[in-house]
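Enquirer: I'd like to ask you about the structure that follows.
The values are calculated or read from the model by the stated rules, or taken from the named source; none is laboratory data. Just so you know, these numbers come straight off a predicted model, no measurement behind them. Quick reminder, even Gly has a Cβ in these numbers, built from the backbone with ideal geometry, and neighbours come from all protein chains shown. Accessible surface areas use protein heavy atoms only, side chains included; no ligands, DNA or RNA. Shrake-Rupley method; radii C 1.70, N 1.55, O 1.52, S 1.80 Å.
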Amino acid sequence: MVEIKKMALDYLDFLRDESRSIGEAESISFPVTEEDVCDILSKLSLNKTPVTIQGGRTGLAAGAVPHGGHVLNLTKMNRITGLYTNSDDSGHLRYILQVQPGVVLSQMRKDLEDKNISTTGWSQEAIETLESLYAGPEHFFPTDPTEISATVGGMVACNASGARTYYYGPIRPHVFGIRMVLANGDIISLKRGEVFAQGQSLTLTTLKNRTISVSLPSYQMPHVKNASGYFAAPDIDAIDLIIGSDGTLGVITQIDLELLPLPQVIWGVSCFFTEETQALDFTVLVRNEITHAAALEFFDDHALDILRSQKEKGGLFASLPAIDPLAHCCVYVDLHCNSEEEAYSDLYHIGELLSSCGASEHNTWAARTALDKEAQRFFRHAVPESVNMLIDERRQTNPSITKLGSDMSVPNDKLYAVIELYRSTLKEAGLESAAWGHIGNNHLHVNVLPNNMDDYALGKKLFASWAATVTSMGGAVSAEHGVGKLKRDFLITMYGEDHIREMIRTKLAFDPQGLLARGNLFSEAWLDEEVAK
Amino acid sequence: MRTLVCIKAVPSSTEVKMDPVTNTIIRDGKQSVVNPFDQAALEEAICIKEQLGGSIIVLSMGIPATEGLLRDCLSRGADRGILLSDRAFAGADTLATSYALSCALEQLRTANEFPSLIICGKMAVDGDTAQIGPELATTLGIPSIVNVEKVLAVSEEEITVRRITDLGREIVSCKLPALITVTKDIRIPRMPSIAGVRFGETGPVEVFGAQGVGADATRCGLNGSPTQVVRSFTPERTHEAITIEGTSSEQAAQLIDVLGGFGL
């Protein structure tokens, strides 16, 4: 039986996450098995103790920051527990890896690449399936958030995405099974394709044979990259409601993940532009014409300037490749192809597209070798890092300052309009900013870089106004970070109070006392009002 | 200015496979990359070309698949590649290799295309000998400066560099033609552009055998190699890791126990 420990100085780190928000809690536990989770939750529910679920605490929306009660940290549930196969819609054999929620993405990738997955406790059948996986073509897990120390459980909880979401989608379609412990210790086990809602009504049966009747929220989700609130639509697969629910419905204890065959050729090409409109034109052209583009990423002028300046200072970024001083912005294209012929054809076609929008194939970095690909990866990851370093420098004189980052997406036909919105309102507010992100999904992280707390307050106001405009464009207020505790107000802007209260009632079907992940998605005040009804 | 850069194909990982019979590295070309020191040498040559104009030749000795690596060099800024590939070259030590390379350079001298400057990586990451550069310069009868970390000035007639020695740094000037070997940090290699990749696919790479460069077969490959490798082996790694878990006070207590176990 895992101990429920009193909160102590040793555990202060577990009161915060990457959002830099700090919470409070009275106790903490580190379960190792699903049984541990059931025991802990059963015990805590008797006293109506709120529970905040944590993985790697890499989230940017404070979803893992406790608001009192207990912290259930899942990082010790970090085993890969099995492997099986099934057939996809075309009849092709598909490998499904079973993992505990605390498995760290980087470790899972490494174990897969090195063919070094521990099989302790596996069934003979699973071991044989692993042997057949190793003997065949290489496989990979496609979801690639920037923060590779994220845990798989956390990624499922916020329906994580990454650069390659442009081609492979978010984590959602790659999740084939989930086991989830409810607040009272009962368990729901779901496989994709087995349980569906009837219209807005969903009926689930727990392992203890209890029936849960769920009424799904009636809002219409935007047709864009979206991690804002519950996945809800008529006749949905039950598993999709759980994915992206921010820990509010239960504690995920097992996840079945689809592995995909690794493309034969993976190349990257960074294209530099002298004007931002060229980059937008290029994005539209690539979307229409380059079928093997797996990611389309953007870096704006100030992001590149900050990177240049950090490179000049030496240190960590001194070994970055030199960026042409005339380059104003950059679009990175990841190519996933079945052969070198296909990759060369796409690469040269990208060169032609660059010419047609006033740029040049001379101002590109084409990474085909492992070393070049590593240099490209370093460049892409150095952009947010260098901005964080800039903010850290500013915090030395004003510790209250923190970066403000947006996470909104819009439909394809609103790309130019949303960029114009960002540019004009930032200029009008006189705020410094740096933008980068997933332009293929019309999803940029626009970061306000405050010089003082007035800038910070102005930035927050601006983001609230963007949330309203983005919603009116048919977009999402959170495309990949999840809503957590920091974007609840944006979610009200997006769906309105009535729909938020529908979401709360959906939660209460799973968690009638409203104990799990309090403060995520909706306010605790509204939650308590609905519990009292 | 004409510059020539020597390129060596090396295994892409540190897990090198050895031929148990010849005690030489198995080079199948599947996982080969340009020696990182040579990549830095090429980047230095490209910077000199950007400053003074001229052209860059990349020269290598290797299996036929090495042509792909020379084409990669073309995509980054070299203008022409020369590959020495022949069974007669197989199993060469540094003496036989530098002899073969010198034959190609003598051919260039005959054609009045001898480079003003030859740049080699200080060493290759697989052999670690650092012998090819000085041996090649000696064979060609030109001066050499090794361990160059920065080119301070270069013209058609002269080069001034800063080199690392056991005692510190030296600034050395030298009349051209000359050969320098460079450290890996002298330049950060650039990536090819799409335009570069196009040139790399179609640009000129000539392949010569021993006869093609007028090499004496008795001085090539294993025949021309006085080096005798008696035995080669991969050293065994025998380290153990102890994972300490728990709260910081629990970890500290465990650490004290572990250190105590070592008598510390």
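Enquirer: Quick check on A:I252: is it part of a strand (DSSP E or B) and closer than 30 Å to A:P512 by Cα?
Expert: Yes: the conditions hold for A:I252.
Enquirer: Take residues that are touching a Ser or Thr at 6+ places or on another chain (Cβ under 7 Å), open to solvent by less than 30 Å² (accessible area, probe 1.4 Å) and modelled with pLDDT under 95 and tell me which of the strands (runs of 3 or more DSSP E) falling wholly in region B:1-117 contain 2 or more.
Expert: Once the strands (runs of 3 or more DSSP E) in region B:1-117 are filtered for at least 2 residues that are touching a Ser or Thr at 6+ places or on another chain (Cβ under 7 Å), open to solvent by less than 30 Å² (accessible area, probe 1.4 Å) and modelled with pLDDT under 95, what remains is B:9-11.
Enquirer: For residues that are open to solvent by 50 Å² or more (accessible area, probe 1.4 Å) and touching a residue at least 12 places away in the same chain (Cβ under 8 Å), scanning just region A:386-408, find the one that is nearest to the other protein chains (Cβ to nearest Cβ).
Expert: Among residues in region A:386-408 that are open to solvent by 50 Å² or more (accessible area, probe 1.4 Å) and touching a residue at least 12 places away in the same chain (Cβ under 8 Å), the one nearest to the other protein chains (Cβ to nearest Cβ) is A:M389.
Enquirer: Report, by residue number, each residue of region A:41-100 that is farther than 22 Å from A:G121 by Cα and in a strand (DSSP E or B).
Expert: Of everything in region A:41-100, those that are farther than 22 Å from A:G121 by Cα and in a strand (DSSP E or B) turn out to be A:V51, A:T52, A:I53, A:Q54, A:H67, A:H70, A:V71, A:L72, A:N73, A:S87, A:L93, A:R94.
Enquirer: Quick check on my filter: what residues within region A:492-518 are aliphatic (A, V, I, L, M) and touching an Asp or Glu at 6+ places or on another chain (Cβ under 8 Å)?
Expert: A:I504, A:L508, A:A517
Enquirer: Does A:E393 satisfy being farther than 18 Å from B:I188 by Cβ, out of contact with any Lys or Arg (no Cβ under 9 Å at 6 or more places or on another chain) and not small (G, A, S)?
Expert: yes
Enquirer: Do you know which residues across region A:259-292 are assigned to a strand (DSSP E or B) and surrounded by fewer than 22 Cβ atoms within 10 Å (Cβ to Cβ)?
Expert: A:L259, A:L260, A:P261, A:V265, A:I266
Enquirer: Looking only at region A:1-35, which residues are more than 11 Å from A:G69 (Cβ to Cβ), among the acidic types (D, E) and open to solvent by 20 Å² or more (accessible area, probe 1.4 Å)?
Expert: A:E3, A:D10, A:D13, A:E18, A:E34, A:E35
Enquirer: For residues that are at the interface with another protein chain (Cβ under 7 Å from one of its Cβ atoms) and not in a loop (DSSP other than H, G, I, E, B), scanning just region A:351-372, find the one that is surrounded by the fewest Cβ atoms within 10 Å (Cβ to Cβ).
Expert: Once the filter is applied, the top-ranked residue is A:A370.
Enquirer: Among (1) under 18 Å from A:Y416 (Cβ atoms); (2) within 14 Å of chain B (Cβ to nearest Cβ); (3) open to solvent by 30 Å² or more (accessible area, probe 1.4 Å), there is one condition A:L316 misses while meeting the rest; what is its number?
Expert: (1)
Enquirer: Taking B:V146, is it surrounded by 14 or more Cβ atoms within 10 Å (Cβ to Cβ) and either in contact (Cβ under 8 Å) with a residue 60 or more places away in the chain or more than 18 Å from the chain's Cα centre (by Cα) (or both)?
Expert: No, not satisfied.
Residue-by-condition table, conditions (1) in contact (Cβ under 8 Å) with a residue 24 or more places away in the chain; (2) within 14 Å of chain A (Cβ to nearest Cβ); (3) in contact with a Phe, Trp or Tyr (Cβ under 8 Å, 6 or more places away or on another chain):
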| site | (1), (2), (3) |
| --- | --- |
| B:L152 | no, no, no |
| B:S155 | yes, no, no |
| B:E158 | no, no, no |
| B:R162 | no, no, no |
| B:D166 | no, no, no |
| B:R169 | no, no, no |
| B:P177 | yes, no, yes |
| B:I186 | yes, yes, no |
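Enquirer: On to the next question. Kindly establish whether A:A295 is buried (at least 21 other Cβ atoms within 10 Å of the Cβ), away from chain B (no Cβ under 14 Å) and under 19 Å from A:Y416 (Cβ atoms).
Expert: no
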